[in-house]
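Bear in mind that the values in this text are calculations on the coordinates, not laboratory data. Worth saying up front: this structure is predicted, and the values here are computed from it rather than measured. Reconstructed Cβ throughout: ideal geometry from the backbone, glycine too, with neighbour counts over all protein chains shown.
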Amino acid sequence: MNNKIPNFVKTNQFGLLILVIVFICIFSFSTDGFTSRFNIYALSRVVALDIMIGLAMMVVILTGGLNLSLGALGVSAAMFGGWCMESMGIPISLTIILVLAFGSFLGWINGFVTVRTGVHSFIVTLATMSIYFGFMTLLTEAEAFRKLPEAFTDFGSLKLFNKYISPLLIISVLTCFVLYYIFKYTDIGRKLIAAGANPDAAELSGISVDRMFIYCHMLSGFLAALAGIMLTARIGAAIPSMAGHLGFDWLLPAFLAPVLGGTLLSGGKVTVFGTMLGAILVTLINNGLYLIDVGEFWVRFFLGIILLGAVLLDRAREYFTVKNSIVS
Amino acid sequence: MSALLKKDWFGLGLVLIFGSILISLFKPAFISPFNLYVLMLSVSLMLVVAMSQMIIIAIGQMNLSVGAIGGLVAISFTGLMEVYSMSILPAVLIGLLIGLACGFINGYITVKTGISAFIITLATLYIFKGMNLGITEAQPFYEIPEAVKFFGNAKIFGPIPYLVIIPIIITVLMWILMNRTSLGRYMLAYGNNVQSSELIGISSTKIVIYAHVVSGLLAAIGGMLVVCRLQLGTPNIGDSWLLPSFAAPVIGGAILAGGKVDVIATAFGVILVSIISQALVIFKIDPFFVQIFLGFMILLAVFINRYREYREERRTKVFSDE
């Protein structure tokens, strides 16, 4: 058991990596255009957003909770950004700071109410989802902001590395590294994980669990707002319906990525790069399903099957790992 | 009297009565026959949906796929009648069977894998909704038999629609199930504490599967009732059920951790949500406010429940000191 290689092989990430490679092989052989420059660029833009959304959900799952308001929060923040830039003429850099602060504030509300009432965050964020989205539609009158500064929208359609990769993906990957660093090497990151893993033990060792949980929700709001800005840059406009009704379109990728990546729903375990791989896998499959031409209406069906298959596989892997370790 | 005060539904009932009187004093249109008719229709439909979620909350889980099951059954029901020109009764039976099967799948996978019902029903949500879209290609079915249309729109007498019959029967049955049968009590015991319920010999497998099957059946009935009401089967039936399905039981004092639900209070929760939505429309308030309001209602209910729990805890503490 001291051997390092088998340990890595047993991890969830390794399985995911294999799956990603397998799917890339399948799709590049079975479809035309999967490896085309256009498709890879399109993939990179989508994957960037899915990673960010997945991370935003991951940091709340860390507490053993959920954030259903993710999509509503992200869109609200993005609309706030659109308003700042278009109606108020605030410069881009300041707008981004304001939007991130706004997202963190909305996340703080989620965290504060959850901690103070002791109610599961599912029900709290179910309520705030409706509240955020309602206020956003009311204030914007469901109108989009389409006259954003060119420098901002140009960034969203920029193509890097021989026109293969969108800069949005670089932001997401950088965020992954930052989060990894925070959770692995900083005091606050370790405290967050400790609070999620065993609140009672953390409380006894002098960590303010309530505060840690609020931080997690704020971080989630921050990342969701960042995802909102990225989506705005990608589309070139801030549209109230860009994440679907109540922001529901974000929920499936938000749960798929961390769950596939091996984040425990009971809290206390995060896998930043697992989430990244999970998001990549989901985007790949989604894209591949369209290219294979299963019909756009069946894509959702297959995504559901894949989520189900993934959690079942993970359960089986866990089961065998436990059995093997008992035997040896 | 003090025993009454402790009931979940008592406070809600008072709020309902005084609220309705207050609203009708300001706007007499609120108690016009037409308005009452519309109110009863919306209450009937949401009642079934709320019960479908409530039984899963009772065992301490959640069912995100309630709306997806309702939608799938709705389009199957209308599709069977339109495309295969089936008569109503077998179409209803097949609809119920689909609901039962969907619920069974949810329950079976949840209990056999031990994975959180949240994730399982999120996956099945997409599967059921995907099947719905795959079959219909997002096109509604319009050809509904006259009898179904009649059932959805006719009135028994005064403003009372035929549509309320089934939801009332369901509510009564659910009350009997949760309060007077061992199965219902076992479900609450399971929701309260899985380990101890297993120790006293309750089969987890049975309880979880039964709860999900009932939930699936109720979602199926909800879907078919919406078809009667709308007089067509659109693929987006059920899309907006998630929030109200949780709102009513939670307003009715249900604890999401499981083990405590109240059928009457849940029914009152449904009525309260419907009255408020209706009142906001009558007072010509922006429809988007209704959504915000619903959100605040849930938060308020959660705060009140928390406060009551806190008082309860303090009281029991005093007693144990004596």
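Per-structure values
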read-out: Cross-link table B:129/B:284; B:112/B:260; B:27/B:155, entries beyond 26 Å C-alpha to C-alpha; value: B:129/B:284
read-out: Evaluated over region A:39-280, the Cα radius of gyration and Dmax, each in Å; value: 17.2, 54
read-out: Ranked list, fewest to most other Cβ atoms within 10 Å of each Cβ, for B:84, B:210; value: B:84, B:210
read-out: Kyte-Doolittle at least 1.0, axis length at least 20 Å by Cα - qualifying DSSP helices, chain B; value: B:8-26, B:33-58, B:66-82, B:88-113, B:117-136, B:165-180, B:204-230, B:263-282
read-out: Rounded FRET efficiency, nearest 0.05, which uses the C-beta distance separating residue B:276 from residue B:142 and R0 of 25 Å; value: 0.15
read-out: P(r) weight above 34 Å for chain B, C-alpha pairs, percent; value: 24 percent
read-out: Listed residues B:66, B:43, B:83, most fluctuating in chain B (Gaussian network, C-alpha, under 10 Å); value: B:83
read-out: Chain lengthening between residue A:24 and residue A:139 when straightened (0.36 nm per residue, less Cα-Cα); value: 37.0 nm
read-out: Part-to-part distance (alpha-carbon centres) for region A:109-140 and region B:58-128, which is given in Å; value: 28 Å
read-out: Stretch in chain B that is longest and holds no trypsin sites (Lys or Arg not before Pro) that DSSP places in a loop and that have at most 16 other beta carbons within 10 Å; value: B:8-283
read-out: Prolate/oblate/rounded call for region B:107-213, Cα gyration tensor, a/c under 1.5 rounded; value: oblate
read-out: Ellipticity estimate at 222 nm from DSSP helix runs (n ≥ 4, -39,500 (n - 2.57)) divided over chain B, nearest 500; value: -26000 deg cm²/dmol
read-out: Alpha carbon centroid spacing (whole Å) that separates region B:220-244 from region B:137-176; value: 11 Å
read-out: Nearest-0.05 FRET efficiency for residue B:300 and residue A:32, computed from C-beta distance (R0 60 Å); value: 0.60
read-out: Prolate/oblate/rounded call for the protein assembly as shown, Cα gyration tensor, a/c under 1.5 rounded; value: rounded
read-out: Fluctuation leader among A:288, A:278, A:111 - chain A, Gaussian network, Cα springs under 10 angstrom; value: A:288
read-out: Sites residue A:316 and residue B:87, calculated FRET efficiency, Cβ-Cβ separation with R0 45 Å, nearest 0.05; value: 0.50
read-out: Under DSSP loop assignment and at most 12 Cβ neighbours within 10 Å, longest trypsin sites (Lys or Arg not before Pro)-free interval of chain A; value: A:164-328
read-out: Overall Cα dimensions of region A:36-100 - principal axes, largest extent first, Å; value: 40, 36, 17
read-out: Vicinal HN-Hα couplings computed from phi for region A:208-223 (Karplus, 6.51 cos²θ - 1.76 cosθ + 1.60; Hz; Gly/Pro x); value: 7, 4, 4, 5, 4, 5, 5, 4, 4, 5, 5, 4, 4, x, 4, 5
read-out: Residue-averaged 222 nm ellipticity for chain A, from DSSP H runs of 4+ at -39500 (n - 2.57), nearest 500; value: -25500 deg cm²/dmol
read-out: Nearby aspartates and glutamates by direct alpha-carbon distance to residue A:191 (threshold 14 angstrom, same-chain neighbours under 8 apart not counted); value: A:200, A:203, A:210
read-out: Dipole magnitude (debye, nearest 20) for chain A, charges at Cβ of Lys, Arg, Asp, Glu; value: 740 debye
